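Bear in mind these aren't lab numbers, they're just calculated from the coordinates by the rules spelled out. None of the values given here were measured: they were computed from a predicted structure. Neighbour counts are summed over all protein chains in view; Cβ atoms, including those assigned to glycine, are modelled from backbone coordinates with ideal geometry.
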Amino acid sequence: MPAAKPRDSRRVHAILDGLARAYPDAACALHHRNAWELLVATILSAQCTDARVNLVTPALFQKYPTPAAMARVSAESIEPDIRSTGFYHNKAKSIAGAARRLVDTYHGQVPDTMDALLTLPGVARKTANVVLGVWFHQAVGVVVDTHVQRISRRLQLTAATTPEKIELDLQRLLPRERWIDYAHLAIAHGRACCVARKPKCAACPIEPLCRSKDKTFSTV
């Protein structure tokens, strides 16, 4: 599957505009009130649905409303509160470690740069891009989750298979001012229509722009 070339800008804009019309309210689905809550929720969302995370975080943030509050307890103390999100041992270690580093190094505040965020335990580019884009409104990169990966490959915006390479392809193709919105739109589209198995192509708002080999319906 060849990746799109920079000269395909009209098609790229048509994809973006079509998705924007179809999902005008697309936004981050993780409930949060500040950068700390968004950071923790994003860590918890790994291999877990946003809906499940949103069920867990209210009680968690009531107990530990700040990095300082979280830094005072052990990872083992956090585990019962996040058990239902899966992989809770590693997630608890990441959250506790991130809290301690925020307190020790960043005065208890979530930093607003990629380099600083990547020093926090449990934070890789996806999580950092979520925090930077959603809370700080900085288009530093493109969030690549499973939905973004699937939709981007089906639309031939990339032929890559790793999140890092997919992100680079998307940065090359998409206007920077659309980087943040594209992730929200692709995730919304992936949940509502372009599902992993048997995509709902007959209902797809951008079906004429898609040449995916696993389409279930086609007008092209």
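Worth pointing out:
- Among the candidates Arg211, Arg172, residue that is surrounded by fewer than 20 Cβ atoms within 10 Å (Cβ to Cβ), part of a helix (DSSP H, G or I) and not polar (S, T, N, Q): Arg172
- Positions within region 144-169 being under 14 Å from the mean Cα position of the chain (by Cα) and more than 23 Å from Lys93 (Cα to Cα), in sequence order: Val144, Thr146, His147, Val148, Gln149, Arg150, Ile151, Ser152, Pro163, Glu164, Ile166, Glu167
- Only helices (runs of 4 or more DSSP H) whose full extent lies in region 81-154 are considered here, and the ones with at least 1 residues that are buried (at least 18 other Cβ atoms within 10 Å of the Cβ) and in contact with a Phe, Trp or Tyr (Cβ under 9 Å, 6 or more places away or on another chain) are 88-105, 125-130, 146-154.
- Residues within region 54-80 that are under 13 Å from Leu39 (Cβ atoms) and part of a helix (DSSP H, G or I), tallied: 5
- The single residue among Thr66, Thr49 that is of a type outside the set (D, E, K, R), without any contact (Cβ under 8 Å) to a residue 60 or more places away in the chain and within 30 Å of Ala188 (Cβ to Cβ) turns out to be Thr49.
- Among the residues of region 175-192, the ones that are farther than 17 Å from Val134 by Cα and surrounded by 20 or more Cβ atoms within 10 Å (Cβ to Cβ) come to 2 in all.
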